[in-house]
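S.K.: Following this message is one structure expressed as structure tokens.
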Amino acid sequence: MTGKTFLNALANGEKDILQIFLDLLSETGTAYCVVGGLAVNAYVEPVVSLDLDVVVILNDLKRICTLAEAKGFKIEKHEHSVNFASLGSDLRIQLQTDLRYQAFITRSVLKEVLGYRMNVARREDVLQGKIWAYSDETRRRSKRQKDLADIMRLVESYPELENMLPEGIREELKR
């Protein structure tokens, strides 16, 4: 079973929503990078997730939303994200609108993740995004624990990244 087949089976995918979304970004010529758990999976042993967190050039956001709606995506706007969903899959696509992530795009690298070729934030940026997410006390506790586990996975695989961690997170990882 390929990574694509696995992900689509897991997401109850009647359609390959991830590929449709990546094609949409290509069609619009939008610069982007993947962040979050799927980006962590690009650098360490994969863990299953039905979330795709993406950063796009904010100037392209309206055009992407218009085209995505035309392709059948349901769009929900939130304070720091725009979420895309489709009846054809349980995969959740979240476009980060937090300005801190914009610089990640220019430093991203092309990688293969679960059979998909996509621009992924470099590992230092992925770690930084996870630090921001874990440090956000408004997030659900379960989400923050997943962020901490992702931080641990990255640091275990790339010990040189440990010097990026705030002291509180270093202490938390030692527990």
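Where a number appears in this text, it was derived from the coordinates with a stated rule and is not lab data. Bear in mind the structure is a predicted one, so any value in this text is a computation, not a measurement. Cβ sites come from the backbone with ideal geometry, for glycine too, and all protein chains shown count toward neighbours.
S.K.: Under 1.5 on a/c is rounded, so check that first for segment 26-137, then, if it is not, pick prolate when a/b is larger than b/c and oblate when it is not; a ≥ b ≥ c are the square roots of the alpha carbon gyration tensor eigenvalues.
M.R.: Rounded shape, in that the Cα axes give a/c under 1.5.
S.K.: For segment 68-122, just say rounded, prolate or oblate: build the C-alpha gyration tensor, square-root its eigenvalues into a ≥ b ≥ c, call rounded for a/c under 1.5, and beyond that prolate if a/b exceeds b/c, oblate if not.
M.R.: oblate
S.K.: Which residue, chosen from 127, 82, 173, occupies the Cα position most advanced towards the positive end of the dipole of the chain, where the dipole is computed from +1 (Lys, Arg) and -1 (Asp, Glu) charges on Cβ about the Cα centre?
M.R.: Selected residue: 82.
S.K.: Then there is this: What list of ³J(HN,Hα) couplings, whole Hz, do you get for segment 104-109 from phi and the Karplus terms 6.51, -1.76, 1.60, once you set θ to phi - 60° and write x for glycine and proline?
M.R.: Calculated HN-Hα couplings, in order: 4, 4, 5, 9, 5, 10 Hz.
S.K.: Once you've got the GNM for the chain with C-alpha springs shorter than 10 Å, pick whichever of 12, 41, 119 has the biggest mean-square fluctuation.
M.R.: Its mean-square fluctuation being the largest, the pick is 12.
S.K.: For the chain, modelled as a GNM with alpha-carbon contacts under 10 angstrom, which of 140, 63, 100 fluctuates the most?
M.R.: Highest fluctuation of the listed residues: 140.
S.K.: Just to check I understand the Karplus step: with θ = phi - 60° and J = 6.51 cos²θ - 1.76 cosθ + 1.60, what whole-Hz values come out for segment 95-100, glycine and proline as x?
M.R.: Couplings: 8, 6, 10, 5, 4, 4 Hz.
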